[in-house]
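Structure first, then comments.
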Amino acid sequence: MKKIVLFLLCSGLLISCNKEDDGPDEKIVLQQVTINNSEIFEYSLGYFGDEESAYITTHPKSSEISLIIRDEVPGEIIFQYKANENFQGSDYVEIFAGRGSSNGTTPSTNIEIHKITFTITD
């Protein structure tokens, strides 16, 4: 009986040690937005700690304004977009938002990829 218990304990230990880390949690957030070409669109990515961040990975091709703004006091990060003057059609942006880094040097453990497709009207 002791050998069976010891065998099961060792097997469980080996299985748990061999379990591969899946890496950070990654969530895809899809947004479709319709705006007119003179409108400034703002999209809140949420509230972030001091060592957490967001940045644009795929820049829109037809934008006059495309930037990330961080409000330091509450820690909110906002993406701001405005289409080129007189532009009509579609545009697209991808934004990486990483949270969970405790000291700024370790990788984020909670990742969101925001994919926003714009339909621009006159």
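Just so you know, all these numbers are worked out from the coordinates, no wet-lab data involved. Treat the numbers as computed from the prediction; the structure is a model and nothing was measured. Using ideal geometry, Cβ is built from the backbone for each residue, glycine included, and neighbour counts are taken over all protein chains shown.
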note = So the FRET efficiency between Tyr47 and Asp122, C-beta based with R0 = 30 Å and rounded to 0.05, is 0.30
remark   = Ordering 79-86, 91-98, 62-69 by per-residue average of other C-beta atoms within 10 angstrom, highest first, gives 91-98, 79-86, 62-69
